[in-house]
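Derivation of every value follows stated rules applied to the coordinates shown; laboratory data play no part. In this text the structure is predicted, and so the values were computed from the model without any measurement. So basically every Cβ, Gly included, is an ideal-geometry build from the backbone, and we count neighbours across all protein chains shown.
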Amino acid sequence: MTVQTQGSLKSEIMLQVNERLYIRGLISREAYEQAKIKIVKNERG
């Protein structure tokens, strides 16, 4: 598995966890959106 593939997999898992936390009401919509932006931004470098 390449480093890029590992990074993409890690980002996908983080996005899914973030979404599940939001759906369960454990984080606010604002926190969900901010985390989503940071995860995607970090993936792109």
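Here are the numbers for the structure shown:
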item: Estimated [θ] at 222 nm from DSSP helical runs (n ≥ 4, -39500 (n - 2.57)) normalised by residues in the chain, nearest 500; result: -28000 deg cm²/dmol
item: 0 to 90° range, to nearest 10: angle between helix 29-44 axis and the chain longest Cα axis; result: 10
item: Angle between the chain longest axis and helix 3-23 axis [Cα atoms, degrees, rounded to 10]; result: 10
item: Extended-chain gain in nm, criterion 0.36 nm per residue less alpha-carbon gap, residue 20 and residue 4; result: 3.3 nm
item: Under 14 Å, Cβ to Cβ, from residue 12 - net charge with Lys/Arg +1 and Asp/Glu -1; result: +2
item: Extent along principal axes [Cα atoms of the chain; Å; largest to smallest]; result: 35, 17, 7
item: Cβ charges +1 (Lys, Arg) and -1 (Asp, Glu), total dipole of the chain, debye; result: 40
